[in-house]
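**Q** Encoded as structure tokens, here's the structure I'll be asking about.
All of the numbers you see were taken from the coordinates with simple rules; none came from a lab. Everything numeric here is computed off the predicted structure, so don't read it as measured data. Glycine gets a Cβ as well: all are built from the backbone with ideal geometry, and neighbour counts include every protein chain shown.
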Amino acid sequence: MSHPRTLSVRALRSALLSSVLLAAPALAEETHWGYAQTVDPEHWGEVAGGALCSTGVQQSPVALSTSGATHTNVQAPSFHYGTSQVRMVNNGHTVQFNYDVGSTLRLGNQEYKLAQFHFHTPSEHTQNGVHYPLEVHLVHTDAAGTPRVVVGVLIEEGLVNAALFTAFRHLPRHEGETSTPLGALINASALLPFNRAFFHYAGSLTTPPCSEGLQWFVMKNPIHLSDSQIAAFERLPHLNPNNRPVQPLNGRDVGLQSAY
Ligand SMILES: [Zn+2]
């Protein structure tokens, strides 16, 4: 009596098997990546264009420590940030704030453009072994649009961050959504701590393709967001966590400039 049913299950299996086989070549060119299960950071090296994520030797983030850093006289960046309309996009990996043109960071006579900032939860860098609830990355590009300088700021729970008040009440919740709250402006200077002591090291993008050759400045002092602001980001579907684990230093020097 069960014979016809068995046959149909076999037929179904066979159909599934051939569709898996057909799909196999496409898997070799997988471009999807994330933070959970089979697409987690351990697998980013297998993503198309992501080889450096596993073979790179100057990768970010790293574990920062005040005792392990060498006191340095690396020139501090100077910030020339103006205001921007708040223009957010949920790209499935973070919420990115695309910044209006005209804001720059200068290192000596080099000038870089503030292109965007975005958030990770928990923090990607650790300081003295501690993860913070959030970290913001301010990404600066060269004239060709290539990221060259990233400023990382650790975020701890405290008073409401007024600069992010409107934005964090209108975070785009789902991948592909954008949010541009009417009339909402932000000056990214409000995301820098008052005391600008910083760690400095040579690193990479913390997401595929994990490109190296980036200068990292991670502020030693955190800024504050309220518990409800932090929770608003933590509650976004699929973005908690969205931190890459710390990567080996492989002999890199981490400088600490405290003269601020
Ligand atoms: Zn980032």
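**Q** Using the basic label-point model (7 angstrom from Cα toward the beta carbon), what is the residue 235 to residue 101 distance in nanometres?
**A** With each label point 7 Å from Cα toward Cβ, the separation is 3.8 nm.
**Q** Further question on the same structure: Kindly write out, for segment 137-147 in residue order, the coupling ³J(HN,Hα) from the Karplus curve 6.51 cos²θ - 1.76 cosθ + 1.60 (θ = phi - 60°), rounded to whole Hz, with x marking Gly and Pro.
**A** 10, 9, 9, 10, 10, 7, 4, 7, x, 8, x
**Q** Follow-up question, since we're still on this one. Which ordering of 165, 198, 79 is given by a fewest-first count of other beta-carbon atoms within 10 Å? Write down the numbers at each step before the final one.
**A** Working: 165 14, 198 25, 79 17.
Least to most surrounded, the residues fall as 165, 79, 198.
**Q** I would also like to ask the following. Which FRET efficiency value, to the nearest 0.05, do you get for residue 259 and residue 80 by plugging their Cβ-Cβ distance into 1/(1 + (r/R0)^6) with R0 = 22 Å? Could the numbers behind the result be given before it?
**A** Values: r = 20 Å, r/R0 = 0.93.
Efficiency for this residue pair is about 0.60.
**Q** Which one, 144, 184, 63, has the greatest fluctuation when you compute a Gaussian network model over the chain with C-alpha springs under 10 angstrom?
**A** Comparing 144, 184, 63 in a Gaussian network model of the chain, the most mobile one is 144.
**Q** Name all residues of segment 153-195 having a backbone nitrogen under 14 Å from the label point set 7 Å from the Cα of residue 228 along its Cα→Cβ direction, giving them as ranges.
**A** Within reach of a label on residue 228: 158-162, 165-170.
**Q** Rounded to the nearest 500, what is the 222 nm mean residue ellipticity of the chain from helices alone, with -39500 (n - 2.57) per DSSP H run of 4+ residues and division by all residues?
**A** Values: 4 runs with 42 residues, N = 260.
Calculated mean residue ellipticity at 222 nm is -5000 deg cm²/dmol.
**Q** Right, another one. Subtract the Cα-Cα distance of residue 128 and residue 141 from 0.36 nm times their separation in residues, and report this length gain in nm to one decimal.
**A** Details: separation 13, 0.36 × 13 = 4.68 nm, distance 2.92 nm.
Gain in length upon complete extension: 1.8 nm.
**Q** Could I have the simple spin-label model distance between residue 110 and residue 187, label points 7 Å from Cα toward Cβ, reported in nm to one decimal?
**A** Each label point lies 7 Å from its Cα, and together they span 2.7 nm.
**Q** What is the helix-to-structure angle for 3-27, meaning the angle in degrees between its Cα long axis and the longest Cα principal axis of the chain, kept from 0 to 90 and rounded to the nearest 10?
**A** Here the helix axis deviates by roughly 40 degrees.
**Q** Using modelled backbone amide H atoms (1.01 Å from N, in-plane), which distant-in-sequence or interchain residues come within less than 5 Å of residue 149's amide H?
**A** Under 5 Å from the amide H of residue 149 lie the amide H atoms of 140, 215, each far enough along the sequence or on another chain.
**Q** Gain in length, residue 170 to residue 195, computed as 0.36 nm per residue apart minus the alpha-carbon separation, to one decimal in nm?
**A** On the way: separation 25, 0.36 × 25 = 9.00 nm, distance 2.92 nm.
That works out to 6.1 nm of additional length.
**Q** I've got another one for you. For segment 226-239, take each phi angle, set θ = phi - 60°, evaluate the Karplus expression 6.51 cos²θ - 1.76 cosθ + 1.60, and give the result in whole Hz per residue in order, putting x for glycine and proline.
**A** Result, rounded to whole Hz: 6, 4, 6, 5, 4, 5, 4, 6, 4, 7, 5, x, 6, 10.
**Q** For residue 43 paired with residue 71, estimate the spin-label separation in nm (one decimal), with each label point 7 Å from Cα along the Cα-to-Cβ line.
**A** 4.8 nm
**Q** Computed FRET efficiency, Cβ-Cβ of residue 36 and residue 177, R0 30 Å: what is it to the nearest 0.05? Kindly include the intermediate steps, with their values, before the conclusion.
**A** On the way: r = 20 Å, r/R0 = 0.66.
Once rounded, the FRET efficiency stands at 0.90.
**Q** Could I ask something else about it? Largest first and in whole Å, give the semi-axes of segment 56-257's equivalent ellipsoid, each being the square root of 5 times a Cα gyration tensor eigenvalue.
**A** Semi-axes (√(5λ), whole Å): 25, 19, 17.
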